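The values are calculated or read from the model by the stated rules, or taken from the named source; none is laboratory data. Computed from a predicted model, the values in this text were never measured in an experiment. Note: ideal-geometry Cβ built from the backbone for every residue, glycine included; neighbour counts use all protein chains shown.
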Amino acid sequence: MKNTSATGGYAQPTPQPPTLVTVPQGLTFIDFLQTVLVGLSGVPGPYVRPEWQQQPPKRPTVDQTWIAFGIEGVSPDFNTYMGQDQNGNEYMQQNELVGLSVSFYGPNSYDLYGLVRDNLQLPQNLSALSAANVGYAYDTPAQHVPDLINEIWYDRWRAVFYFRRQIQRFYPVLTFSGASGTIYANAASSDTTVVPFTTGEE
């Protein structure tokens, strides 16, 4: 049984209400970013690959245009916000800046980098990000960093794209539905005022 504010101890987040789930169901944030890069670049999904996979797939040939990407850093805001939604659920809201390293490979790597960079300026192309509480911030200057593998140069351009992401986590913090009791007020005089009270649901 998970801890709540009534039990004490370390509390873990509860599942988000369905109406507030932002990343498409069943996808991790990395999976979601892969779908965004596919849409921005027009490159088929199998050739838009997360870097640093446990079992890396076979490297595409030198004449294949493809993309490798990975989150290289995250910078969260110093303070979080604690609040309640309209149903009284307690939540924590955190904003973070995500640095996404993107490498563009192949004979069209430079043009592909420019296409993704420019497509991020079109509001229509940002709708999927916005729906996931993610906004495009800026990108770094691109670097031309070809890879030499088996005496063959694989052309590569690399840039870091920064996104601002808002995260909400809901916690089992219980609220009062009602309370009753007696207030004893003793002023400067010797008389004590007794005030019974009841509040909340009957």
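Quick notes on this structure:
- Strands (runs of 3 or more DSSP E) lying entirely in region 147-194 (those with 2 or more residues that are at pLDDT below 90 and under 21 Å from the mean Cα position of the chain (by Cα)): 156-171
- Subset of region 93-119 [more than 18 Å from Ile30 (Cα to Cα), of a type in the set (A, V, I, L, M, F, W, C) and touching a strand residue (DSSP E or B) at 6+ places or on another chain (Cβ under 7 Å)]: Leu112
- Taking the listed residues Ser109, Ser101, Ser130, the one that is at pLDDT 95 or above, of a type in the set (Ser, Thr, Tyr) and closer than 30 Å to Asn79 by Cα is Ser101, with no other qualifying.
- Residue, surrounded by the fewest Cβ atoms within 10 Å (Cβ to Cβ), within region 67-99, restricted to residues that are closer than 17 Å to Tyr47 by Cβ and touching a Leu at 6+ places or on another chain (Cβ under 9 Å): Gly70
- Number of the condition not met by Leu33 [criteria: (1) among the aliphatic types (A, V, I, L, M); (2) surrounded by 12 or more Cβ atoms within 10 Å (Cβ to Cβ); (3) over 29 Å from Tyr154 (Cβ atoms)]: (3)
- Residue in region 48-63 that is under 20 Å from Gln143 (Cβ atoms), crowded, with 16+ Cβ neighbours inside 10 Å, within 22 Å of the chain's Cα centre (by Cα) and touching a residue at least 40 places away in the same chain (Cβ under 8 Å) present: no
- Residue identified as at pLDDT 90 or above, closer than 27 Å to Tyr136 by Cα and not aromatic (Phe, Trp, Tyr) among Gly83, Gly45, Gly26: Gly45
- Among residues of region 101-144, those that are assigned to a strand (DSSP E or B) and either among the small types (Gly, Ala, Ser) or more than 16 Å from Trp66 (Cβ to Cβ) (or both), counted: 10
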